[in-house]
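Student: This is the structure, below, for whatever I ask next.
Every number in this text was worked out from the coordinates using simple rules, so none of it is lab data. A quick note: this is a predicted structure, and the numbers were derived from the prediction, not measured. Cβ: placed from backbone, ideal geometry, glycine included. Neighbour counts: every protein chain shown.
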Amino acid sequence: MEHILAIAGTEQGQQQLQQLLLEQNFYVECCASNGLEARRLLDAQKFDLVVVNTPLPDEHGEAVARLAYQNGATVILLVKAEHADAVWERIRKTGIHMIAKPLKRAVLFQMLQCIVVEQERLQKLQEEKDRLSRQIQDANLLNRAKLLLIQVLKLSEPQAHHYIEKQAMDLRITKRQVAEGIINTYEN
């Protein structure tokens with residue numbers, strides 16, 4: 001995680017968060033001392049991880065955590081133990097992670113490890129989704145191109161398919177590129 005925002009109401013709280021994260025090789029890029037400052041930073045830039053140490057001077061911090069999560073960040077919300085159950089009931093379906101304070105190093109480190117594993121898994125899923133999306137787009141282009149060959153050149157479906165494959169092989173380009181060329185030629 002490259003872009004990390006630490007939000008704490010005091011400079012000491014910010015420094016403690018920075019130190020704890022640094023111990024696990026997480027470098028804090030920005031700090032905010034209140035909700036307003038955090039919102040400005042969240043509007044200006046994308047963060048991978050946001051850690052919110054509640055309460056903040058101008059608000060609790062839960063709303064900032066929700067905003068950070070909506071902006072695509074993984075969020076850890078640090079909440080006083082006596083408020084943890086109530087806060088958990090409000091955020092448990094949001095995807096925001098929560099740790100009750102006083103903060104134990106081991107708990108934070110385990111959470112960070114879980115988050116790293118989760119993000120790696122999500123990255124792999126995103127790559128697979130992108131790959132499948134490209135395959136669907138390619139199939140749609142090929143089908144459009146075949147339909148044009150069938151309509152314009154009066155080829156059968158197998159002939160249109162063979163034509164595209166042969167063009168790709170002869171010209172040493174992808175079937176997608178052949179299909180795009182056919183579409184550009186016959187749809188314009």
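Student: Which residue, chosen from Leu21, Ala8, Ile76, occupies the Cα position most advanced towards the positive end of the dipole of the stretch 1-107, where the dipole is computed from +1 (Lys, Arg) and -1 (Asp, Glu) charges on Cβ about the Cα centre?
Tutor: Checking the options against the dipole of the stretch 1-107, the answer is Ile76.
Student: Please get the size of the charge dipole for the stretch 4-103, origin at its Cα centre, with Cβ charges of +1 on Lys and Arg and -1 on Asp and Glu, quoted in debye to the nearest 20.
Tutor: Roughly 260 debye, rounded to the nearest 20.
Student: Which net charge results when you count Lys and Arg as +1 and Asp and Glu as -1 among the other residues whose beta-carbon is under 12 Å from that of Val28?
Tutor: -4
Student: Using a 10 angstrom cutoff on alpha carbons, build the Gaussian network for the chain and name the most mobile of Leu103, Leu171, Leu22.
Tutor: Maximum fluctuation in the GNM of the chain, among the listed residues, is at Leu171.
Student: So for the stretch 35-188, averaging the separation of alpha carbon pairs under 8 Å that are six or more residues apart and normalising by length, what relative contact order in percent results?
Tutor: Relative contact order here is 14 percent.
Student: Which value at 222 nm does the chain reach when only helices count, each DSSP H run of 4 or more adding -39,500 (n - 2.57), with the total divided by all residues and rounded to the nearest 500 deg cm²/dmol?
Tutor: Value at 222 nm, helices only: -21000 deg cm²/dmol.
Student: Regarding the stretch 4-103, what is the average projected area of its C-alpha convex hull, in nm²?
Tutor: 5.6 nm²
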